[in-house]
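What follows is one structure encoded as structure tokens, with my remarks underneath.
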Amino acid sequence: MEDNEKIPATSFLMNNVCVDLLGCAEKIVHVAQRPHSYIQRMLRAGRLDGKTFHLVVNFEMPGHPLHHSIVVYLARGDEPGYEADGLLERFINGTDDFRNDTFKFIPRIVSGNWFVEKTVGQTPAIIGRKLTCSYFRDTKLNYLEIDVDVGSSVIGSRLQGLVQTYTTALLIDLSFVLQGTCEDELPERLLGGLRIIKGDLMKCKVVPTEAQEEANRKRAQSEKKMKTATQGE
């Protein structure tokens with residue numbers, strides 16, 4: 001910290017276990033609680049015990065007729081570096097203000113349009129200072145979700161439009177890191193990331209709105225009751 005020397009990052013602190021590209025007639029908020037999410041799928045399959053921590057990053061991109069979400073699920077490993085008083089633990093259980101000042105995003109256009117590459121750049125950004133972020137902590141299922149509203153700033157909206165125009169010709173690396181500000185928080189370690197290879201929003205999985213999900217849930221309950229009543233006759 002005293003000499004400002006940059007140290008190359010080692011392995012990710014967390015494993016990328018799932019990436020979803022979703023489309024919906026409304027903005028998808030708190031995706032981890034929705035039936036189609038990785039968290040709920042694993043819960044239904046009996047593969048979620050609450051012991052493994054998951055970080056969910058939901059990039060919300062407004063649009064018409066569909067809003068889109070790129071959702072990244074990272075799982076916490078058991079390697080050294082997860083001290084109870086570590087930066088990650090403070091981030092998981094801290095205040096939203098602390099999270100806004102800590103969560104850092106690193107974009108990199110690996111290949112593709114030169115203009116997009118120069119516009120996006122590779123400069124790390126503390127995303128909570130640039131865009132509106134909402135946080136959802138579930139201690140029972142043991143996850144923290146970060147909803148990043150890409151359309152919440154003029155710059156974010158312009159970058160979204162630019163990238164969407166050329167996305168099928170781009171190879172993009174997105175990485176996440178927590179901002180270290182004191183000696184015991186350094187060197188910084190990459191939390192995780194993903195690579196988008198010629199992403200096509202037209203190939204998203206279209207999911208129902210919350211109102212549609214509720215209607216589907218009630219219909220399923222009604223059909224279950226009718227089936228039970230029929231079997232009892």
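Values computed for the structure shown
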read-out	value
Residue match in region 106-113 (condition: surrounded by 15 or more Cβ atoms within 10 Å (Cβ to Cβ), in contact with an Asp or Glu (Cβ under 6 Å, 6 or more places away or on another chain) and β-branched (Val, Ile, Thr))	yes
Selection count, region 10-55, where residues are part of a strand (DSSP E or B), aliphatic (A, V, I, L, M) and in contact with a Ser or Thr (Cβ under 8 Å, 6 or more places away or on another chain)	2
Residue check, Ser37 under 25 Å from Arg195 (Cβ atoms), out of contact with any Gly (no Cβ under 8 Å at 6 or more places or on another chain), small (Gly, Ala, Ser) and at pLDDT 95 or above	yes
Helices (runs of 4 or more DSSP H) completely within region 79-191 that count 1 or more residues being under 28 Å from Lys27 (Cα atoms) and charged (D, E, K, R)	96-100, 114-120, 154-166
Matching residues in region 30-51 - criterion: being surrounded by 18 or more Cβ atoms within 10 Å (Cβ to Cβ) and either under 23 Å from Phe176 (Cα atoms) or under 13 Å from the mean Cα position of the chain (by Cα) (or both)	Val31, Ala32, Ser37, Tyr38, Ile39
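The values are calculated or read from the model by the stated rules, or taken from the named source; none is laboratory data. Note that the coordinates shown come from a computational prediction; the quantities given were computed from them, not determined experimentally. Cβ sites come from the backbone with ideal geometry, for glycine too, and all protein chains shown count toward neighbours.
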